[in-house]
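This report concerns only the one structure given below.
Every number here is computed from the coordinates shown, using simple stated rules; none is lab data. Quantities reported herein were computed from a predicted structural model and do not represent experimental measurements. Quick reminder, even Gly has a Cβ in these numbers, built from the backbone with ideal geometry, and neighbours come from all protein chains shown.
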Amino acid sequence: MTRVLKILFMLLLLALAIYWRFFYDIEVSTGKLRILNTLLSVFIMLLLFRIIIDLIALWYKIDRKHGSGRLRDNLIVGLSNLFSIFSGIAISLGMLSVFGLNPTEVFTSLSIVAAALAIISKDFIAEIIVGLFNGFSTKIELDDYIKVGDQKGKIIDIGLQKVTLMNDDDDIIYIPNLRFYYADIINYTKRDIRRMNVEFHVDPRYLEKLSMLEKSLSDTLKEFEDFLDMDTHELKVVNIQRESVELKFQYTLKSVSRDIQRQIRKKIMKKVLESITDNKPVV
């Protein structure tokens, strides 16, 4: 209901702005009239685009039953990012018009400077382009749980310059779009989202029997048996190196619970540490 009222209010403002811009004769000087018409034109363009975005969001809310909370759809994110760029361009052109400057002549006369600025800011522009691409992408979406390089977490925002993750410790991680674009990404949400992993590295000298470590970790899960499928957990060897062994302990929740997931992770990491300290290095 709030979104509908917001759209109706913006439509009213749009109708008033169009009336004042095209149908109402304002008795002011030519210079002031030019400035007023320019401001009204920019306001109409931005308001129209904002109404289109909110109408699409309203349709998603009704048709796909997203609920009354903040929409979690990449199309809305992409359109919002596009609105930010469009707003910047419209305001810049509007400012030139306010000062009586022809945008075409300005950009032509500053073509050399503009080319130099484009070269200097190419990474910044590239990140904006990647941000737009990510916003409309269906391969990664808000609330997806992913791994980028050595960082793991839930996507909470897809911006024009950075992708924001929240890791298992509730830390906020900002990843530049270019790094995000070129990195290898694992999207855990595209599989069964109830399947969880706890990854860790152990010095091989501290490992005597993997079966004992697996049993110890399995016993740790017993206090959470009401929340888990107890027959689905297992300890996997991911990679073996001279300095360390990379291990992954997997388990399956009956239903997704971030709080239970965090508690289990803390218990498992504590048990791994206890197992290491209990074992003497094998030399």
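Straight-line reach from Lys122: taking Cα to Cα under 30 Å and skipping same-chain neighbours fewer than 8 places apart, the lysines in range are Lys139, Lys147, Lys152, Lys154, Lys162. Shown here for region 213-283: GluC sites (Glu not before Pro) in loop regions (DSSP other than H, G, I, E, B) with at most 14 other Cβ atoms within 10 Å, namely Glu225, Glu243. Near Val163, the amide H atoms lying under 5 Å from its own belong to Ile175, Asn177; only residues 5 or more places off or on other chains count, and H is placed 1.01 Å from N.
Using the Cβ-Cβ distance between Tyr174 and Phe23 with R0 set to 35 Å, the FRET efficiency from 1/(1 + (r/R0)^6) comes to roughly 0.15. Across all C-alpha atoms in region 195-278, the radius of gyration and Dmax reach 12.7, 39 Å.
Straightening the chain between Ser92 and Lys32 buys 19.7 nm, computed as 0.36 nm per residue apart minus the Cα-Cα spacing. If the chain linking Asp231 and Leu12 were pulled fully straight, counting 0.36 nm for each residue of separation and taking away their Cα-Cα distance, it would gain 72.8 nm.
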